[in-house]
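As structure tokens, the structure follows; a few thoughts come after it.
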Amino acid sequence: MAATKRTPARTGTPAPGKAKAKSGRSKAARKKTPRKSARKPAASKQPKSEEPPRASAFTDAVKLYETGFELINAEDFEKARDAFSTLVEALDADSAPANGPRGSASERKALMDRAQVMIHVCRKRIREAKKNIKLKSADDYYEVGVAEMNRRELDDALENLQHALKMSPRADHVLYALAAVSALRNERDEALEFLEKSIKYRDENRYLAINDPDFESLSDDPEFIQLITPDEG
């Protein structure tokens, strides 16, 4: 039987068991090593810049001005007047800075001035058109007068309502409308006189006047309060 050849052990070479242990420790160490995340770090969100309140007021006003001109070209002067009036009210109510997205102060003033001129033009054309309309009855003059009063065209409203009263002197609704127009014109005596006559012909008119904002200028007037207070008994 041949002798088994033994390979001499090398100095410093670890025993097989120890090598496995080292390998195991290395493997365990690798497991503990944290893996790098493949995700990119989330970019910090920048807050969205918000426009100041009513930042588009000037832009909207410019659009209204253009709309008004289109309506004038279409000869719809009442709607054109309303568009220009809305423009003026919007810019007047908007507390805009001296400059910025809402238009500079000079631009805003120029736009408002042009709109005021166009309102005057529209009113003139409306009056001219009304002259061509033949109003025949007291009710015709009354309806036109009330419409003008609602638009705060008080001079024209007063004129048409006076025409209606001449044609129908005892019409309580005409007298009531004249009282309202007079109150809006701050003509106290005329307002009280017309209202008293209106109530004389129709007692229910006193109740209408109680909550009618057109008589706000007379709300603290003792004679007005007496007129609208129902009689006791």
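Values quoted throughout were computed directly from the atomic coordinates according to the rules given, and no laboratory measurement underlies them. Source: prediction; values computed, not measured. Using ideal geometry, Cβ is built from the backbone for each residue, glycine included, and neighbour counts are taken over all protein chains shown.
Using Cβ contacts closer than 10 Å as the measure, can you line up 146, 174 from fewest to most?
146, 174
What's the local net charge at residue 175, with K and R +1, D and E -1, over the other residues with C-beta under 10 Å away?
Result for the neighbourhood of residue 175: +1.
Please give the Cα centre distance for region 60-78 versus region 176-229, rounded to the nearest Å.
So the two Cα centres are separated by 37 Å.
Taking other Cβ within 10 Å of each residue's Cβ, how do 204, 159 sort, fewest first?
204, 159
Report the label-to-label distance for residue 78 and residue 202 in nanometres (one decimal), using points 7 Å from each Cα along the Cα→Cβ vector.
2.2
Residue-wise, which Karplus ³J(HN,Hα) couplings in Hz belong to region 198-203, taking 6.51 cos²θ - 1.76 cosθ + 1.60, θ = phi - 60°, and x for glycine or proline?
For region 198-203, the Karplus curve yields 4, 5, 4, 7, 8, 4 Hz.
Figure the gain on full extension for residue 106 and residue 143 (residue separation times 0.36 nm, minus the Cα-Cα span) and round it to one decimal in nm.
9.2 nm
Excluding residues fewer than 8 places away in the same chain, name every one of the aspartates and glutamates whose C-alpha is closer than 17 Å to that of residue 109.
Partners within reach: 60, 66, 89, 92, 94.
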